[in-house]
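Colleague: Structure provided below as structure tokens; questions to follow.
The values are calculated or read from the model by the stated rules, or taken from the named source; none is laboratory data. These figures come from a predicted structure and were not determined experimentally. Ideal geometry is used to build each Cβ from the backbone, glycine not excepted, and the neighbour counts take in all protein chains shown. What goes into the accessible areas is simple: the full protein's heavy atoms, side chains included, and nothing from ligands, DNA or RNA. Shrake-Rupley method; radii C 1.70, N 1.55, O 1.52, S 1.80 Å.
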Amino acid sequence: MRLAIRVRMTLWYAALLSIIVAAVGAFLVLALRSDLTGAIDRALRSATDQIALDYAREGVPELRDSASAVLKGERAAAQLLDRDAHVIATFGDPVAVAPMIAPADLRAVLNGHSVVRTRELGAGRQDFRVVARSVDRHGRRRLVVAAQSLAPAQRSVRQVVLLLLLALPAAVLATAAGGWALARRSLRPVAQMTSAAAAIGVDRLDERVPEPRTHDEIAHLAATLNTMLERIEHGVQEQRRLVADASHELRTPLAAMRSELDVSLRMDRLSPAAREILLSTREEVDRLTRTVDDLLTLAAADDAALDLRLEPHDLAALAQAVVDELAPVAAARRVHVELEIEPVPIVVDPVRFAQAVRNVLANAIEFTAPDSRVRVSAGVAGRDGRLVIEDEGPGVPEELRERIFDRFFRADQSRARATGGSGLGLAIAREIVVAHGGRVRAQGGARGAAFVIELPLVAGRAPAAAGT
């Protein structure tokens, strides 16, 4: 995303520069053409005035001498016309052998106006700048016309246009490179903020995004984010405190209710209907008790207060114990649990770690169809001990393999309601495994989902010897 923003900013810089350079270039070309044409017009006006003056005093011979003296441009030409546009005398370029002004301009000049025009003259129909004025000699009105090719001015304009066309891509590339560097530098604080914000999870709400010392909008955004994180941290702390307090308050009445239900169930004179109601009620109390215990476990994990009592243990033995414990549950669902384990030395809190394995295995049994299998394997993987629990259930879509460890998350809402699950089992398993310095993840199995738990091996124990 940051790359896309940088690209867009760079393209905007390049597009803006292109527009500016194009506008400035067009202005320069038009200004240059106007200046060059203006210079030719001034020279032709001055030359025409001088030729007319000399012709009025000396006649046709002086017209040619005067024209040769004052006309210096490329393909310069001069001519003397009568009132009917007949050429009386010429000088210079062959284009002067024919009238160089149009009939309408001829009439305007005869009426006392001077004319300045661009006309296509000669066999090649090239552009010439033409100036014409009237002159009187011996009571007869004549027209003095002077012309000069616009080719030099047009070449100069073409050269400037070519230079602009060559300079524009270079300028755009230079600006794009500068824009890219500027965008990268400008977005560096945003990238740092994004990375820091992405790393802040529910267990790291005490962290903050870096605030740049630029006193600009980005610094204001960082300060706003930190203020928001502070409020979120305070709110989460209050929520955790409330959950912990409520859970502690609920444990005593739930335990008392469970005890009373046990006493009632031991009574001899219970009708079958009453016994069924009491058993159903006890199951619900047990479910609520487990949920309260789960919430207390998560509250302790949030406060880094799980109070782990670490001891050297064998991962395979712990896995075997959990499998034996859940054997009745698996048998009730007609799920066969297969073991493929080898000794793996680890250091764990046996009670807490067994709880994590129990939650994962119970989840696998629950989501495996009857008359199917759950495979539990333990072994060494590099410097870690690895426990893999693989089921033959519906599997976990790839996009949900991270979210499945979130609290209260249920991939199948209808099934969760039917089984009464709280959506906390896998979340608790992850908290316990992480507290032990390990990792837990979900991945695709051969026929369903596979949950992988990895823990560091006992320090000093060679991985190759772990299974011996």
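Colleague: Against the definition (on the phi < 0 side of the Ramachandran plot, at pLDDT below 95 and open to solvent by 70 Å² or more (accessible area, probe 1.4 Å)), how does Arg57 come out, yes or no?
Modeller: The answer is yes for Arg57.
Colleague: Follow-up question, since we're still on this one. For the list (1) assigned to a helix (DSSP H, G or I); (2) free of Cβ contacts under 8 Å to residues at least 60 places away in the same chain; (3) touching a strand residue (DSSP E or B) at 6+ places or on another chain (Cβ under 7 Å); (4) among the polar types (S, T, N, Q), I need the number of the one condition that Thr90 fails.
Modeller: Failing condition for Thr90: (1).
Colleague: If you don't mind, there's one more thing I want to ask. Can you name the condition, by its number, that Ala123 falls short on among (1) open to solvent by 30 Å² or more (accessible area, probe 1.4 Å); (2) more than 27 Å from Ala151 (Cα to Cα)?
Modeller: Checking Ala123 against (1) open to solvent by 30 Å² or more (accessible area, probe 1.4 Å); (2) more than 27 Å from Ala151 (Cα to Cα), the one that fails is (2).
Colleague: Looking at region 66-85, can you tell me whether even one residue there is open to solvent by 50 Å² or more (accessible area, probe 1.4 Å), more than 16 Å from Ala43 (Cα to Cα) and either aromatic (Phe, Trp, Tyr) or in a loop (DSSP other than H, G, I, E, B) (or both)?
Modeller: Yes: region 66-85 contains one or more residues that are open to solvent by 50 Å² or more (accessible area, probe 1.4 Å), more than 16 Å from Ala43 (Cα to Cα) and either aromatic (Phe, Trp, Tyr) or in a loop (DSSP other than H, G, I, E, B) (or both).
Colleague: While we're on this one: Among the residues of region 224-245, are any modelled with pLDDT of 75 or more, among the acidic types (Asp, Glu), in contact with a Lys or Arg (Cβ under 9 Å, 6 or more places away or on another chain) and in a helix (DSSP H, G or I)?
Modeller: yes
Colleague: Which members of region 285-319 meet the condition of being modelled with pLDDT of 75 or more and part of a helix (DSSP H, G or I)?
Modeller: Leu315, Ala316, Ala317, Leu318, Ala319
Colleague: Something else: Taking only pairs six or more apart or across chains, which ones have beta-carbon atoms under 7 Å, a first residue in region 316-336 that is closer than 18 Å to Asp349 by Cβ and open to solvent by 20 Å² or more (accessible area, probe 1.4 Å), and a second residue that is modelled with pLDDT of 90 or more and in a helix (DSSP H, G or I)?
Modeller: Leu318/Pro350; Leu318/Phe353; Leu318/Ala354; Leu318/Val357; Ala321/Ala354; Glu325/Arg358
Colleague: Output yes when any residue across region 196-213 is farther than 30 Å from Leu16 by Cα, modelled with pLDDT under 75, open to solvent by 80 Å² or more (accessible area, probe 1.4 Å) and part of a loop (DSSP other than H, G, I, E, B), and no when none is.
Modeller: Within region 196-213, one or more residues are farther than 30 Å from Leu16 by Cα, modelled with pLDDT under 75, open to solvent by 80 Å² or more (accessible area, probe 1.4 Å) and part of a loop (DSSP other than H, G, I, E, B).
Colleague: Would you check which residues across region 308-366 are of a type in the set (Gly, Ala, Ser), within 16 Å of Val380 (Cβ to Cβ) and over 46 Å from the mean Cα position of the chain (by Cα) and list them?
Modeller: Matches in region 308-366: Ala316, Ala317.
Colleague: On to the next question. Here is a check on your reading of the model: is Leu44 part of a helix (DSSP H, G or I), in contact with a Lys or Arg (Cβ under 7 Å, 6 or more places away or on another chain), surrounded by 19 or more Cβ atoms within 10 Å (Cβ to Cβ) and not hydroxyl-bearing (Ser, Thr, Tyr)?
Modeller: Judged against the criteria, Leu44 is a match.
Colleague: When the residues of region 107-120 are narrowed to those that are aliphatic (A, V, I, L, M) and closer than 20 Å to Gln50 by Cα, which ends up surrounded by the most Cβ atoms within 10 Å (Cβ to Cβ)?
Modeller: Selected residue: Val109.
Colleague: Could you list, in sequence order, all residues of region 127-180 that are modelled with pLDDT under 90 and polar (S, T, N, Q)?
Modeller: Of everything in region 127-180, just one residue is modelled with pLDDT under 90 and polar (S, T, N, Q), namely Thr175.
Colleague: For the structure I just gave you, tell me whether Thr281 is modelled with pLDDT of 80 or more, of a type in the set (S, T, N, Q) and either open to solvent by 70 Å² or more (accessible area, probe 1.4 Å) or outside any helix (DSSP H, G or I) (or both).
Modeller: In short, no.
Colleague: Show the residue pairs that are 6+ apart or on different chains and have beta-carbon atoms under 9 Å apart, the first residue being within region 169-193 and loosely packed, with under 14 Cβ neighbours inside 10 Å, the second being part of a helix (DSSP H, G or I) and of a type outside the set (D, E, K, R).
Modeller: Within 9 Å, the pairs are Leu173/Ala14; Ala174/Leu17; Ala177/Thr10.
Colleague: I would also like to ask the following. Name the single residue, out of those in region 126-141 being more than 19 Å from Ala76 (Cβ to Cβ) and outside any loop (DSSP other than H, G, I, E, B), that is most open to solvent (accessible area, probe 1.4 Å).
Modeller: Going through the qualifying residues, I end up with Arg140.
Colleague: Next question, about the same structure. Could you check region 30-41 and list, in sequence order, the residues that are open to solvent by less than 90 Å² (accessible area, probe 1.4 Å) and of a type outside the set (Ser, Thr, Tyr)?
Modeller: Result: Ala31, Leu32, Leu36, Gly38, Ala39, Ile40, Asp41.
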